[in-house]
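The values are calculated or read from the model by the stated rules, or taken from the named source; none is laboratory data. The model shown is predicted, which means the values in this text are computed figures rather than measured ones. Ideal geometry is used to build each Cβ from the backbone, glycine not excepted, and the neighbour counts take in all protein chains shown. Note: areas computed on protein heavy atoms with side chains; ligands, DNA, RNA excluded. Shrake-Rupley method; radii C 1.70, N 1.55, O 1.52, S 1.80 Å.
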Amino acid sequence: MNISLRVWRQPGPRAAGRLVSYQARDISPDLSFLEMLDVVNEDLIARSEEPIAFAHDCREGICGTCGIVINGQPHGPGRGTATCQLHMRHFRDGDTLTLEPWRARTFPVIRDLVVDRSAFDRIIQAGGYIDAPIGAAPDANTILVPKTDADLAMDAAQCIGCGACVAACPNASAMLFVAAKVGHLGLLPHGQPERYRRVRHMVARMDQEGFGSCTNYGECEAQCPKEISIAFIARLNRDFAAAGFRNGKDA
Ligand code: SF4
Ligand code: FES
């Protein structure tokens with residue numbers, strides 16, 4: 001396959017950026033999207049040009065490090081697929097692809113396609129700890145969890161913190177991410193002691209970081225590589241309202 005690329009190049013956080021054209025030649029349809037970029041970068045390095053910076057780690061949809069907006073879609077056209085799991089066979093020979101970083105004020109560009117998502121780390125940090133003693137694995141098995149709750153908690157726990165939900169949302173809202181994190185622990189017995197304090201603190205931090213409000217566009221769910229349901233946002237709203245009625249008793 002031969003693919004034309006228009007790639008956002010930005011040397012640093014304060015530098016101006018622009019789209020630069022490249023050719024990806026003789027690309028096997030079996031290459032992953034990131035492997036295609038590796039090939040382009042090898043070519044750039046061979047010509048003593050600066051390679052394209054993009055974030056990646058596990059390359060198997062687990063770590064949440066990767067993330068490129070491909071033709072306007074965070075993580076590209078594959079449903080339930082992180083950028084690293086996308087393969088070139090999903091495109092056609094001769095296609096032109098525009099690659100951009102996550103676009104959100106809360107995720108400033110560090111370089112090219114790499115953004116700073118430490119705002120997510122600070123939201124997680126605001127959630128705090130779990131003080132329920134859970135012991136080792138055999139002890140954990142003695143804590144009974146209803147199957148429906150366990151399944152739902154596992155659905156929420158699949159969130160890899162990639163930030164595609166923020167990039168997809170016209171409001172740059174982080175509600176799906178926060179809802180997944182709050183929902184995951186709020187459904188389990190271990191998460192109950194700090195349940196309402198956690199939701200209050202995480203939502204406050206989300207607002208402090210400058211993420212937008214949720215107005216139910218649903219773009220977050222559509223682009224989420226783990227297909228986290230926006231029903232978790234309704235659950236978050238319920239927990240947040242319940243936390244308000246507790247008058248800070250668990251602050
Ligand atoms: S909710 Fe989905 S899109 Fe948002 S951070 Fe988690 S995995 Fe990524
Ligand atoms: S590189 Fe880890 S999820 Fe894509």
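Of all residues in region 119-168, those satisfying the criterion of being more than 20 Å from Phe211 (Cα to Cα) and within 16 Å of ligand 2 (Cβ to nearest atom) are Ala157, Gln158.
Can you name every residue in region 192-251 that is among the aliphatic types (A, V, I, L, M) and part of a loop (DSSP other than H, G, I, E, B)? Steps first, answer last, please.
Within region 192-251, the subset among the aliphatic types (A, V, I, L, M) is 199, 202-204, 206, 222, 228, 230-231, 233-234, 236, 241-243, 251.
Answer for region 192-251, where residues must be among the aliphatic types (A, V, I, L, M) and part of a loop (DSSP other than H, G, I, E, B): Ile228, Ile230, Ala251.
Screening Gly67 against (1) assigned to a loop (DSSP other than H, G, I, E, B); (2) over 18 Å from the mean Cα position of the chain (by Cα) leaves a single unmet condition, (2). Considered as a group, the residues in region 38-75 that are on the phi > 0 side of the Ramachandran plot, out of contact with any helix residue (DSSP H, G or I) (no Cβ under 6 Å at 6 or more places or on another chain) and more than 8 Å from ligand 2 (Cβ to nearest atom) include one that is least open to solvent (accessible area, probe 1.4 Å), and that residue is Gly72.
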